[in-house]
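A.B. asks: Following this message is one structure expressed as structure tokens.
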Amino acid sequence: MTEYNFKEFMSRPDRLTPGHRMCAGCGATIALRNVLKALEPEDHAVICNATSCMEVSTFTYPYSSWTDSYIHNAFENAAATAGGVEAAYNALKKKGKIDDTFKFIAVGGDGGTYDIGFQSLSGAMERNHDMVYVCYDNEAYMNTGIQRSSATPMFADTTTTPAGKISDGKPQNRKDITEVIAAHHVPYVAQTTFMGNFSDLHKKAQKAIYTKGACFLTILAPCPRGWRYEAENVMDICKAAADTCFWPMYEVEYGEKWTLNYKPKNKLPIEDFLKLQGRFKHLLKPGKEEQVAMLQAEVDRRWEALLKKCEL
């Protein structure tokens, strides 16, 4: 693993190439394109991709946007497949049948990670396969019609939790999958998004790929259809998520060492995040102050708990 160099990283050839069918302004493709840049040029990868927008839009047999080996998995078993391929690779390498260096990366959206694929993810983490699981978190089942998932924030408008006269959107708080996987005490877990020059995402991807054992990345990856924003605003949304502390940027090593990677100089109110997305427009109308205050209180509670874990 080479020392991080931004210019060198950005000059590396894309391993997720143009020509796919993902939407303009899609956070998932931005996330995965930059994760794969963390691979050393001489190393190979096997990508195990759960059914998702990423799968149906980047791989339509016999065409593929991936330059590395690619396996399409069912919703529920991307992590299990990656673990199995990693075990087979180790056996073949031990017998002298493979000389090349391969890295194993499982990919899933929040539906295939937080919910449907959680059992195989937890098992792969517990077995400590030498692999990375990357969750591009767009906070709903976007591929199948923008239904709520356990990653969907409270009061978000989705097709199964529609906001209207008798509903304010999803009534429950979102699950914190990063802390759930950190509780497995695996070597490395991190949460990030893309803002600024992508350096936080690059460094965490590099560390995850080249740390021995099971590693996990959660990347906030906005969806223009589900979140309802213009394509050019994707970076502004990610920055607002970090600056309001809705989406903290941190990492955890072996479930014990918690490190905060970004602390905004001026913590912004949650409204600065909500106002950039159509899925929360109902909260910005008169009479919804209580709901916004509930969201703010939850963000503050989780932020203060994280600061204590990071000993700040």
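A.B. asks: Among the residues of the stretch 215-248, how many are closer than 19 Å to V180 by Cα, aromatic (F, W, Y) and not in a strand (DSSP E or B)?
C.D. replies: Counting residues in the stretch 215-248 that are closer than 19 Å to V180 by Cα, aromatic (F, W, Y) and not in a strand (DSSP E or B) gives 2.
A.B. asks: Still on this structure, I have one more. Consider V180 against the criteria (1) within 25 Å of N73 (Cα to Cα); (2) surrounded by 24 or more Cβ atoms within 10 Å (Cβ to Cβ); (3) not polar (S, T, N, Q): it satisfies all of them except one. Which criterion is unmet?
C.D. replies: Of (1) within 25 Å of N73 (Cα to Cα); (2) surrounded by 24 or more Cβ atoms within 10 Å (Cβ to Cβ); (3) not polar (S, T, N, Q), only one is false for V180: (2).
A.B. asks: For the stretch 262-283: of the residues being aliphatic (A, V, I, L, M) and not in a loop (DSSP other than H, G, I, E, B), which is farthest from G25 (Cα to Cα)?
C.D. replies: L283
A.B. asks: Within the stretch 3-21, take every residue that is among the charged types (D, E, K, R) and either at positive phi or not in a helix (DSSP H, G or I) (or both) and give me the one that is modelled with the lowest pLDDT.
C.D. replies: E3
A.B. asks: Being of a type in the set (K, R), surrounded by fewer than 18 Cβ atoms within 10 Å (Cβ to Cβ), modelled with pLDDT of 95 or more and not in a strand (DSSP E or B) narrows it down to one of K212, K203, K170, K165, so name that one.
C.D. replies: K212
A.B. asks: Can you confirm whether the stretch 22-33 contains a residue that is surrounded by fewer than 20 Cβ atoms within 10 Å (Cβ to Cβ) and polar (S, T, N, Q)?
C.D. replies: Within the stretch 22-33, not a single residue is surrounded by fewer than 20 Cβ atoms within 10 Å (Cβ to Cβ) and polar (S, T, N, Q).
A.B. asks: Still on this structure: Pull up the stretch 59-89, narrow it to residues that are part of a loop (DSSP other than H, G, I, E, B) and free of Cβ contacts under 8 Å to residues at least 40 places away in the same chain, then point me to the one that is farthest from G111 (Cα to Cα).
C.D. replies: P62
A.B. asks: Pairs only if they're at least six apart or on different chains, beta carbon under 8 angstrom, first in the stretch 25-37 and free of Cβ contacts under 8 Å to residues at least 24 places away in the same chain, second surrounded by fewer than 22 Cβ atoms within 10 Å (Cβ to Cβ); list them, first residue then second.
C.D. replies: Final answer for the pair search is R33/D14; R33/R15.
A.B. asks: Going by what's in this entry, would L39 be described as assigned to a helix (DSSP H, G or I) and either under 19 Å from the mean Cα position of the chain (by Cα) or small (G, A, S) (or both)?
C.D. replies: So L39 does not fit the description; no.
Conditions tested, residue by residue: (1) over 15 Å from the mean Cα position of the chain (by Cα); (2) not β-branched (V, I, T).
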site	(1), (2)
T178	no, no
L201	no, yes
L217	no, yes
W227	yes, yes
F246	no, yes
K265	yes, yes
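A.B. asks: Then there's this: Would you check if N49 is touching a residue at least 12 places away in the same chain (Cβ under 8 Å) and part of a strand (DSSP E or B)?
C.D. replies: yes
A.B. asks: Which of the residues belonging to the stretch 173-200 are assigned to a loop (DSSP other than H, G, I, E, B) and either at pLDDT 95 or above or under 18 Å from S120 (Cβ atoms) (or both)?
C.D. replies: Those that are assigned to a loop (DSSP other than H, G, I, E, B) and either at pLDDT 95 or above or under 18 Å from S120 (Cβ atoms) (or both): N173, R174, K175, D176, A183, H184, H185, V186, P187, T193.
A.B. asks: Which ones in the stretch 49-84 are over 18 Å from the mean Cα position of the chain (by Cα) and charged (D, E, K, R)?
C.D. replies: Result: D68, single match.
A.B. asks: Filter the stretch 91-123 down to the residues that are without any contact (Cβ under 8 Å) to a residue 12 or more places away in the chain and assigned to a helix (DSSP H, G or I), then identify the one that is surrounded by the fewest Cβ atoms within 10 Å (Cβ to Cβ).
C.D. replies: This residue is K94.
A.B. asks: List every residue pair whose Cβ atoms sit under 9 Å apart, with the two residues 6 or more apart in sequence or on different chains, where the first one lies in the stretch 288-312 and is within 15 Å of K267 (Cα to Cα) and the second, anywhere, is surrounded by fewer than 16 Cβ atoms within 10 Å (Cβ to Cβ) and not charged (D, E, K, R).
C.D. replies: Every condition considered, the pairs that remain are Q296/P269; L306/L312.
A.B. asks: Out of the stretch 223-281, which residues are hydroxyl-bearing (S, T, Y), surrounded by 19 or more Cβ atoms within 10 Å (Cβ to Cβ) and either touching a Pro at 6+ places or on another chain (Cβ under 9 Å) or without any contact (Cβ under 8 Å) to a residue 24 or more places away in the chain (or both)?
C.D. replies: If the condition is that a residue be hydroxyl-bearing (S, T, Y), surrounded by 19 or more Cβ atoms within 10 Å (Cβ to Cβ) and either touching a Pro at 6+ places or on another chain (Cβ under 9 Å) or without any contact (Cβ under 8 Å) to a residue 24 or more places away in the chain (or both), then Y229, T244 are the ones that fit.
A.B. asks: Testing E251 on (1) within 18 Å of N197 (Cα to Cα); (2) of a type in the set (D, E); (3) assigned to a strand (DSSP E or B), one condition comes back false. Which one is that?
C.D. replies: (1)
A.B. asks: Now a separate question. If I ask for residues that are in contact with a helix residue (DSSP H, G or I) (Cβ under 8 Å, 6 or more places away or on another chain) and either more than 19 Å from A82 (Cβ to Cβ) or of a type in the set (A, V, I, L, M, F, W, C) (or both), which ones from the stretch 210-227 would you list?
C.D. replies: Once the filter is applied, which keeps residues that are in contact with a helix residue (DSSP H, G or I) (Cβ under 8 Å, 6 or more places away or on another chain) and either more than 19 Å from A82 (Cβ to Cβ) or of a type in the set (A, V, I, L, M, F, W, C) (or both), the stretch 210-227 yields A214, C215, F216, L217, I219, L220, A221, P222, C223, P224, G226, W227.
The values are calculated or read from the model by the stated rules, or taken from the named source; none is laboratory data. Please read these numbers as outputs of a predicted model, since none were measured by experiment. Neighbour counts run over all protein chains shown; Cβ positions are idealised from the backbone, glycine included.
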